[in-house]
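Novice: Sending over a structure as structure tokens; questions will come in a sec.
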Amino acid sequence: MALPASYKAVSCTAPRAPWTTVQVPVRAPAPHEVFIKVHASGICNSDHFVYQGLWPGLSYPRTPGHEVVGRVVSVGEGVPAGRFSEGELVGVGWNGGYCGACSACREGEFWDCEKHPVTGITQDGGHAEYMYVPVNAAVVKLPEEALENTTYAELAPLLCAGLTVFGALASTRYSPGDVCLVQGIGGLGHLAIQYAARMGLKVYATSSGPSKADLARSLGAHEHIDASAVDVAEYMSKLGGAKVVLCTAPSAAAINKVLTAVARGGVITVVGAASDGNIQVSSLLLNLKRATLRGWACGTSVDAEQCVRFSHLAHVKSMVNEYKLEDFAEAYENMVAGGPKFRNVIVFP
Ligand SMILES: NC(=O)c1ccc[n+]([C@@H]2O[C@H](COP(=O)([O-])OP(=O)(O)OC[C@H]3O[C@@H](n4cnc5c(N)ncnc54)[C@H](OP(=O)(O)O)[C@@H]3O)[C@@H](O)[C@H]2O)c1
Ligand SMILES: [Zn+2]
Ligand SMILES: [Zn+2]
């Protein structure tokens, strides 16, 4: 493959600085790196950790992007033979690798490595024509069949948005036919509705307004609840509550309003990263309902394989709006304003 001398990448130079585009020189991959030609890179709400400077110890300049689909260009000399080969379809997610030495790693919980390397946050990510990825990060071979009737752009959001909600739902104990409430219909939420419906749950989807009602139903929601007009928790309680509550809204104020929708013995999973304060929950609610409140973070490369496989088998698909790299700032601002239905994705020829 003929390589350019440099490639274009989105760059954030300081918290809340205007997005810029830079030229990054092409170099040989380091011994444990995979060098990838990026084809699509989804803009996750978590990119705001870079823009707002909210990640501890973040250094600039930084290229975000942790929902990446591309093809292998070359591998470092330390990458085990056969692990990745040129031209192979790969995806890259949030998890940026692990140290192998901390107590989490030594317990096999690599996703919680104390160094917390994160793609697009502690190391440069996929909003670029090419990217270098440590081989022990969440970089995963994807089957070519994943591209059947699916574009690179539609595949990319599965690497974070999809993986996160797929794992959160699949790891919750429920019986087929149980009620599930999905709160927040954005990048994560629109995939969560599809997964929950395909997993046999009766899905109620709630938004901060009425505009996504038809889309929510077309994605598999049994019903859409407009939180601006209805007390969602009260509404769900009258139905007996939801065994599975999945909160994707990036807002503690919004999440607090749906916590009491949980049914007896139900599980509330919060995946939204709230930037407006803390979640407040009544101990009585948890006690009397024997309910569980927990969080969930992304997943490993093996989880990504499973998520992509399930999405292919169950026809779960991201709804995307494609943007060029030059239009990144517009795509990002549109995401912050809640515009996308449902994921803005940067695509590369
Ligand atoms: N735990 C993890 O591993 C993980 C992984 C990825 C992302 N995240 C986090 O999950 C959250 C959702 O990410 P996303 O990419 O799906 O975001 P997104 O595409 O921007 O969607 C968020 C949705 O939440 C709803 N919402 C309700 N109240 C809101 C408020 N006050 N401000 C903004 N949105 C509000 C909106 O949907 P309605 O119109 O339906 O109300 C909005 O579309 C973010 O906090 C992100 O950082 C966590
Ligand atoms: Zn993400
Ligand atoms: Zn570690």
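Novice: Inspect segment 331-339 for any residue being part of a loop (DSSP other than H, G, I, E, B), touching a residue at least 24 places away in the same chain (Cβ under 8 Å) and either open to solvent by 80 Å² or more (accessible area, probe 1.4 Å) or not acidic (Asp, Glu) (or both) and give the result as yes or no.
Specialist: Yes, segment 331-339 contains a residue that is part of a loop (DSSP other than H, G, I, E, B), touching a residue at least 24 places away in the same chain (Cβ under 8 Å) and either open to solvent by 80 Å² or more (accessible area, probe 1.4 Å) or not acidic (Asp, Glu) (or both).
Novice: Quick one: which helices (runs of 4 or more DSSP H) lie wholly within segment 90-185 and hold at least 1 residues that are within 13 Å of ligand 3 (Cβ to nearest atom)?
Specialist: Passing ranges, in order: 103-106.
Novice: Out of everything in segment 214-232 that is among the hydrophobic types (A, V, I, L, M, F, W, C) and closer than 19 Å to ALA196 by Cα, what residue ends up being surrounded by the fewest Cβ atoms within 10 Å (Cβ to Cβ)?
Specialist: So, considering only residues that are among the hydrophobic types (A, V, I, L, M, F, W, C) and closer than 19 Å to ALA196 by Cα, the one surrounded by the fewest Cβ atoms within 10 Å (Cβ to Cβ) is LEU215.
Novice: So which residues in segment 120-140 are at pLDDT below 95 and out of contact with any Asp or Glu (no Cβ under 9 Å at 6 or more places or on another chain), if there are any at all?
Specialist: Scanning segment 120-140 gives ASN136, ALA137, VAL139.
Novice: Just to be sure, is PHE166 in contact (Cβ under 8 Å) with a residue 60 or more places away in the chain, over 17 Å from PRO29 (Cα atoms) and not assigned by TED's automatic domain parsing to the domain that holds VAL50?
Specialist: Taking the combined requirement at face value, the residue satisfies it.
Novice: If a residue counts only when it is closer than 27 Å to SER46 by Cα, which helices (runs of 4 or more DSSP H) contained entirely in segment 220-292 have at least 3 such residues?
Specialist: 252-256
Novice: Restricting attention to segment 91-103, which residues are modelled with pLDDT of 95 or more and surrounded by fewer than 22 Cβ atoms within 10 Å (Cβ to Cβ)?
Specialist: Once the filter is applied, which keeps residues that are modelled with pLDDT of 95 or more and surrounded by fewer than 22 Cβ atoms within 10 Å (Cβ to Cβ), segment 91-103 yields ALA101, CYS102, SER103.
Novice: Only residues that are in a strand (DSSP E or B) and of a type in the set (Val, Ile, Thr): list them for segment 190-205, please.
Specialist: VAL203
Novice: Output yes when any residue across segment 241-250 is away from ligand 2 (no atom under 16 Å from the Cβ) and free of Cβ contacts under 8 Å to residues at least 60 places away in the same chain, and no when none is.
Specialist: Within segment 241-250, none of the residues are away from ligand 2 (no atom under 16 Å from the Cβ) and free of Cβ contacts under 8 Å to residues at least 60 places away in the same chain.
Novice: Now, a different point. Filter segment 29-76 down to residues that are of a type in the set (Gly, Ala, Ser) and in contact with a strand residue (DSSP E or B) (Cβ under 8 Å, 6 or more places away or on another chain) and give me whichever is nearest to PRO349 (Cα to Cα).
Specialist: Filtering segment 29-76 for residues that are of a type in the set (Gly, Ala, Ser) and in contact with a strand residue (DSSP E or B) (Cβ under 8 Å, 6 or more places away or on another chain), the one nearest to PRO349 (Cα to Cα) comes out as ALA40.
Novice: Give the residues of segment 156-175 that are away from ligand 1 (no atom under 14 Å from the Cβ) and either of a type in the set (D, E, K, R) or touching a helix residue (DSSP H, G or I) at 6+ places or on another chain (Cβ under 6 Å) (or both), sorted by residue number.
Specialist: Hit for segment 156-175 is ARG173, nothing else.
The values are calculated or read from the model by the stated rules, or taken from the named source; none is laboratory data. In this text the structure is predicted, and so the values were computed from the model without any measurement. Cβ coordinates were reconstructed from backbone atoms using ideal geometry, including for glycine residues, and neighbour counts include every protein chain displayed. Just so you know, the surface numbers come from the protein's heavy atoms only, side chains and all, with ligands and any DNA or RNA stripped out. Shrake-Rupley method; radii C 1.70, N 1.55, O 1.52, S 1.80 Å.
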